[in-house]
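One structure is given here, and the rest of the page talks about it.
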Ligand SMILES: Cc1ncc(COP(=O)(O)O)c(C=O)c1O
């Protein structure tokens, strides 16, 4: 390479490209492919939420807002979280331009180059790559495959050595559907308190749990306002708003001034008319969540049962989120397998290796879809496996 070739810094060059994209690129635009590769709801944002944004645009809500978001949205988020978890003031809430941005901001706030960051995996790749972008060392603690995906909490505590800066926990988890228990959370929190370790909780799927609870167990249920616990959340999954790019952070009050600086230097603020839609979603959107959960529960039950009838397929039972992360006997290279599934069977799935080495050998199927499409998708997979 020429000495003066314009290239990105080493850390960025060494990041892996998305393997989900690699599979999707092979099949996007082909009408004969049924796509289950991305983690996205299959229904559009409800009209009453879209109307709120339209009205705000008509009222020319097109200017910069406060770094932390408009006060009524911060208040609405704080009221929502106070009902779901524990009483919480709006002064601990910062609105962000998406959940991804919330996670990047949280990491920028806490993680120094060279820090040790522990992640529970397999994991949506952004969460392992963000600390790497910041120059941190990422240590992984794998979940165990079985009837459901499970955490050996002692293994996690052993990895949280003194001097570890932070642990990233995404529960309900993408890609496995694993949900941490309240008891495990208490053990992790106690341990982290003792060693001054930050808990960075990715709570974007907290409303997508199938045991009848209003929310998955959350560190916000048990943390005191001064604990080193920061939560990232999003409007994307709960209110079907992926394309709006709206999320939030909940952090201890003493962090907020520095967080405000980071928001200023990243995005400055989320768009005002999008925030207006966020208020309506969070204040009037409980029925949207109920309706979505009912659909996903039926989809999950169907997919879990059907996959387990296929020869050589073992599918653990997902307790939350919107994915089944299953194994096909004898298949180690799931990237190659998923490409063949697109080309030969017309079914688009995400290879497990997209979620780290520990994900290799598994395939992720997003069940945010109609039962008819899931039925057809499983039929195609069945035919493909029978012809192998
Ligand atoms: C685990 C997890 N966290 C965060 C996000 C970010 O969501 P968004 O940026 O759409 O708010 C996603 C999206 O797929 C996710 O799966």
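What to note about this one:
- Residue satisfying condition, being assigned to a helix (DSSP H, G or I) and touching a helix residue (DSSP H, G or I) at 6+ places or on another chain (Cβ under 6 Å), within set 263, 289, 249, 282: 282
- Answer residue from the range 278-291, given it is more than 21 Å from the chain's Cα centre (by Cα) and closer than 16 Å to residue 233 by Cβ and is surrounded by the fewest Cβ atoms within 10 Å (Cβ to Cβ) among those: 283
- All conditions in (1) surrounded by fewer than 16 Cβ atoms within 10 Å (Cβ to Cβ); (2) touching a helix residue (DSSP H, G or I) at 6+ places or on another chain (Cβ under 8 Å); (3) assigned to a helix (DSSP H, G or I) hold for residue 311, with the sole exception of (3).
- For the criterion of being assigned by TED's automatic domain parsing to the domain that holds residue 35, at pLDDT 95 or above and in contact with a helix residue (DSSP H, G or I) (Cβ under 7 Å, 6 or more places away or on another chain), residue 318 passes.
- Any hit, the range 329-339, residues being within 30 Å of residue 141 (Cα to Cα), assigned to a loop (DSSP other than H, G, I, E, B) and within 15 Å of the ligand (Cβ to nearest atom): no
- Filter result for the condition that a residue is out of contact with any strand residue (DSSP E or B) (no Cβ under 6 Å at 6 or more places or on another chain) and not assigned by TED's automatic domain parsing to the domain that holds residue 280, over 24, 56: 24
- Applying the condition of being surrounded by fewer than 24 Cβ atoms within 10 Å (Cβ to Cβ) and assigned to a loop (DSSP other than H, G, I, E, B) to the range 266-277 and asking which residue is farthest from the ligand (Cβ to nearest atom) yields 268.
- Among (1) assigned to a loop (DSSP other than H, G, I, E, B); (2) in the same structural domain as residue 141 (by TED's automatic domain parsing); (3) closer than 29 Å to residue 354 by Cα; (4) touching a helix residue (DSSP H, G or I) at 6+ places or on another chain (Cβ under 6 Å), the one test that residue 113 misses: (4)
- Residues considered: 231, 215. Of these, the only one that is over 20 Å from residue 68 (Cα atoms), touching a helix residue (DSSP H, G or I) at 6+ places or on another chain (Cβ under 7 Å) and within 16 Å of the ligand (Cβ to nearest atom) is 215.
- Residues within the range 243-265 that are buried (at least 19 other Cβ atoms within 10 Å of the Cβ) and within 16 Å of the ligand (Cβ to nearest atom), tallied: 8
- Of all residues assigned to the range 120-130, at least one qualifies as being closer than 20 Å to residue 227 by Cβ, in contact (Cβ under 8 Å) with a residue 40 or more places away in the chain, in the same structural domain as residue 256 (by TED's automatic domain parsing) and in contact with a strand residue (DSSP E or B) (Cβ under 9 Å, 6 or more places away or on another chain).
- Here residue 66 passes the criteria (1) surrounded by 15 or more Cβ atoms within 10 Å (Cβ to Cβ); (2) under 23 Å from the mean Cα position of the chain (by Cα) except the one numbered (2).
- Scanning the range 15-38 for residues being surrounded by 11 or more Cβ atoms within 10 Å (Cβ to Cβ) and either under 23 Å from the mean Cα position of the chain (by Cα) or within 16 Å of the ligand (Cβ to nearest atom) (or both) gives a total of 16.
- If you go through the range 40-62 and keep only what is more than 16 Å from the ligand (Cβ to nearest atom) and closer than 30 Å to residue 373 by Cα, you end up with 46, 47, 48, 50, 51.
- Scope the range 82-110; condition part of a helix (DSSP H, G or I) and away from the ligand (no atom under 16 Å from the Cβ); matching residues: 82, 83, 84, 90, 91, 92, 109, 110
- Lone unmet requirement of (1) over 30 Å from residue 324 (Cβ atoms); (2) assigned by TED's automatic domain parsing to the domain that holds residue 374 for residue 83: (2)
The values are calculated or read from the model by the stated rules, or taken from the named source; none is laboratory data. On a predicted model such as this, the values are computed, not experimentally measured, just so you know. Here Cβ is always computed from backbone atoms with ideal geometry, including for glycine, and neighbour counts include all displayed protein chains.
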